[in-house]
Amino acid sequence: MTRSDGPTPLKHRPILSNFGAPAAPANDGRQTPMRGHPVFIAQHATACCCRGCLEKWHRIPRGRALDAAEQARIGDLLMAWIDRQMGFDPASPHPPR
């Protein structure tokens, strides 16, 4: 996986929009695997893995769909966590090796 400069890569948007965007996601609280994709790990590390965690840690209430701004904010948070794990420093003019 390489760092993209800009918003959450489009290839990850389906993962983000399917996991918690609906008002009542199927298997809420059990739908995000603990491994298998960097976004899944990031979701757990940032408490964005289920609607319960979004409510508890991010104060986004259950029972309503996530709006576009909330989805973008979550996507940015996940990518920031992944960037940090990869050693990317946005203040540095040089990409990680």
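Values in this text are rule-based calculations from the coordinates and carry no lab data. For clarity, every value in this text was computed on a predicted model and none was experimentally measured. With ideal geometry, Cβ positions are generated from the backbone for all residues, glycine too; neighbour counts draw on all protein chains shown.
Want the number for Asp76 to His37: 0.36 nm per residue separation, take away the alpha-carbon distance, what's left? Each step should come with its number before you reach the end.
Details: separation 39, 0.36 × 39 = 14.04 nm, distance 1.66 nm.
Taking Asp76 through His37 to full extension adds about 12.4 nm, to one decimal.
Please arrange Trp81, Trp57 by counting, for each residue, the other beta carbons lying within 10 Å of its beta carbon, fewest first.
If I rank by nearby Cβ atoms, fewest first, I get Trp57, Trp81.
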